[in-house]
Amino acid sequence: MNTITKPKIVVSRCLGFENCRYNGQVISAPFVKKLESLVEYVTVCPEVEIGLGVPRDPIRITVSRGKRRLVQPAGGRDVTAEMQDFAGSFLNSLEGVDGFILKSRSPSCGVRDVKIYSGSGETMPAGKGAGFFGGAVLERFDGWAAEDEGRLSNFKIREHFLTNIYVMSRFRSVSPSAAMKDLVRFQAENKLLLMAYNQTAMRTLGRIVANHDHLPAEEVFKRYEENLRAALRKPPRYTSNINVLMHALGYFSNELSSSEKAFFLDSLESYHAGKIPLSSLLYVVRSWIVRFGTQYLVSQTYFLPYPEELVEITDSGKGRKL
């Protein structure tokens, strides 16, 4: 299978790295810890970076005259401008980043489900949305993988996140050379994965690589990256994965016994019913690839999109909406 690169991930510093929460605590984040040796982390605590101490009075998002503000209700301090300035400066300085893992529900880092109040003295939230730093991430890095640690406890969300960051990391390892032959190989190795995610986008990417307009390599790579991010925006549907797996089965149709084929088809039904994870089926196909030495499939990232030690089926059951 293909060599797997190390993605560069921006992560909230309170998720196991430093006691920088408003109450002086650190958050236990097992998944973040598990990833540590397999990615390059860039840690950040926006609230500390703008000068708020540890411990500190909590901040919250309020709406005043139709505009969102970031305030400390206890002292009446408004830190909106400081947070906006920091977010802009920090995010503009980032290079080669593949994704974000940010603290859930944080008024600064949250990417969704952050409580928004109609006033600093209100006890009940008027709505929910992204935090100030998290919102800036979503705007500045539209299309990048960005999740909070809570949602990553959900199996399907985690699987999609990991696939995204490792595909983009591999692309980033190719693009600096701007060699068209490298892009052709990248497209070929990710063909089945892209087929699962979005067949229309896969064909579009193929036309970009073909470069019938004879554009400069840098322009081709730029267009390819934009369309690759769009292709990976939504996770594959069950039916799309089944289509790719049936396509793979065709490579072994003359090698497998009728009972082996029947077992695999029954397993596809179990996967469609949500009884087994996709990784179980991928493991079966990988065993056939090794057994029969099917060279085309050996190179396909679809069968091992991220390091095997990250394949696990634990699921909190929370945050299922993608």
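Filtering THR43, THR62 for residues that are out of contact with any helix residue (DSSP H, G or I) (no Cβ under 6 Å at 6 or more places or on another chain) and touching a residue at least 40 places away in the same chain (Cβ under 8 Å) leaves a single hit, THR62.
What about VAL42, is it touching a Lys or Arg at 6+ places or on another chain (Cβ under 7 Å), assigned to a strand (DSSP E or B), surrounded by fewer than 22 Cβ atoms within 10 Å (Cβ to Cβ) and not acidic (Asp, Glu)? Write out each step before concluding.
Numbers: touching a Lys or Arg at 6+ places or on another chain (Cβ under 7 Å): yes; assigned to a strand (DSSP E or B): yes; surrounded by fewer than 22 Cβ atoms within 10 Å (Cβ to Cβ): yes; not acidic (Asp, Glu): yes.
It is true that VAL42 is touching a Lys or Arg at 6+ places or on another chain (Cβ under 7 Å), assigned to a strand (DSSP E or B), surrounded by fewer than 22 Cβ atoms within 10 Å (Cβ to Cβ) and not acidic (Asp, Glu).
Remark: pairs (first residue in the stretch 276-293, small (Gly, Ala, Ser); second residue modelled with pLDDT under 90 and not in a helix (DSSP H, G or I); Cβ separation under 7 Å; 6+ apart in sequence or on different chains) = SER279/VAL311; SER279/ILE313.
The condition of being assigned to a loop (DSSP other than H, G, I, E, B), surrounded by fewer than 18 Cβ atoms within 10 Å (Cβ to Cβ), among the basic types (Lys, Arg) and touching a strand residue (DSSP E or B) at 6+ places or on another chain (Cβ under 7 Å) holds for ARG105. Scanning the stretch 22-38 for residues that are under 30 Å from THR294 (Cβ atoms) and assigned by TED's automatic domain parsing to the domain that holds GLY127 turns up at least one hit.
One residue stands out in the stretch 65-82 among those that are surrounded by 11 or more Cβ atoms within 10 Å (Cβ to Cβ) and either not aliphatic (A, V, I, L, M) or not assigned by TED's automatic domain parsing to the domain that holds ALA136 (or both): the one that is nearest to GLU49 (Cα to Cα), namely GLU82. Of all residue pairs spaced 6 or more apart or on separate chains, those with beta-carbon atoms under 9 Å, a first member in the stretch 250-274 that is more than 21 Å from TYR296 (Cβ to Cβ) and assigned by TED's automatic domain parsing to the domain that holds THR239 and a second member that is among the small types (Gly, Ala, Ser) and not in a loop (DSSP other than H, G, I, E, B) are SER267/SER280; SER270/SER280; TYR271/SER280. Of the residues examined, GLU47 is not one that is in a loop (DSSP other than H, G, I, E, B) and either of a type in the set (D, E, K, R) or within 18 Å of the chain's Cα centre (by Cα) (or both). Taking every residue in the stretch 73-87 that is among the basic types (Lys, Arg) and pairing it with any residue that is surrounded by 18 or more Cβ atoms within 10 Å (Cβ to Cβ), at least 6 positions away or on another chain, the pairs with Cβ-Cβ distances below 8 Å are ARG77/VAL71. The strands (runs of 3 or more DSSP E) located wholly in the stretch 110-186 that include 1 or more residues which are without any contact (Cβ under 8 Å) to a residue 24 or more places away in the chain and within 27 Å of ARG65 (Cα to Cα) occupy 127-129. Being touching a helix residue (DSSP H, G or I) at 6+ places or on another chain (Cβ under 6 Å), assigned by TED's automatic domain parsing to the domain that holds VAL290, farther than 17 Å from GLU159 by Cα and assigned to a helix (DSSP H, G or I) is true of PHE221. Looking across the stretch 175-193, the residues that are of a type in the set (S, T, N, Q) and over 27 Å from LEU278 (Cα atoms) come down to SER175, SER177. A single member of LEU249, LEU256 is over 23 Å from TYR166 (Cα atoms), of a type in the set (A, V, I, L, M, F, W, C) and in a helix (DSSP H, G or I), and it is LEU249.
Looking at the stretch 160-202 only, could you name the residues that are hydroxyl-bearing (Ser, Thr, Tyr), modelled with pLDDT under 95 and surrounded by fewer than 18 Cβ atoms within 10 Å (Cβ to Cβ)? Lay out the reasoning, then the answer.
Of the residues in the stretch 160-202, the ones hydroxyl-bearing (Ser, Thr, Tyr) are 163, 166, 169, 173, 175, 177, 197, 200.
Within this subset, residues satisfying the condition of being modelled with pLDDT under 95 are 173, 175, 177.
Listed by number, the residues that qualify are SER173, SER177.
Count of the stretch 117-135 residues, restricted to those that are surrounded by fewer than 21 Cβ atoms within 10 Å (Cβ to Cβ), under 21 Å from PHE86 (Cα atoms) and among the aliphatic types (A, V, I, L, M), is 0.
Out of SER37, SER64, SER28, report the one residue that is more than 25 Å from the chain's Cα centre (by Cα) and of a type in the set (S, T, N, Q).
SER64
The values are calculated or read from the model by the stated rules, or taken from the named source; none is laboratory data. Everything numeric in this text was worked out from a predicted model, so none of it was measured. Backbone-built Cβ (ideal geometry, glycine too); neighbour counts: all protein chains shown.
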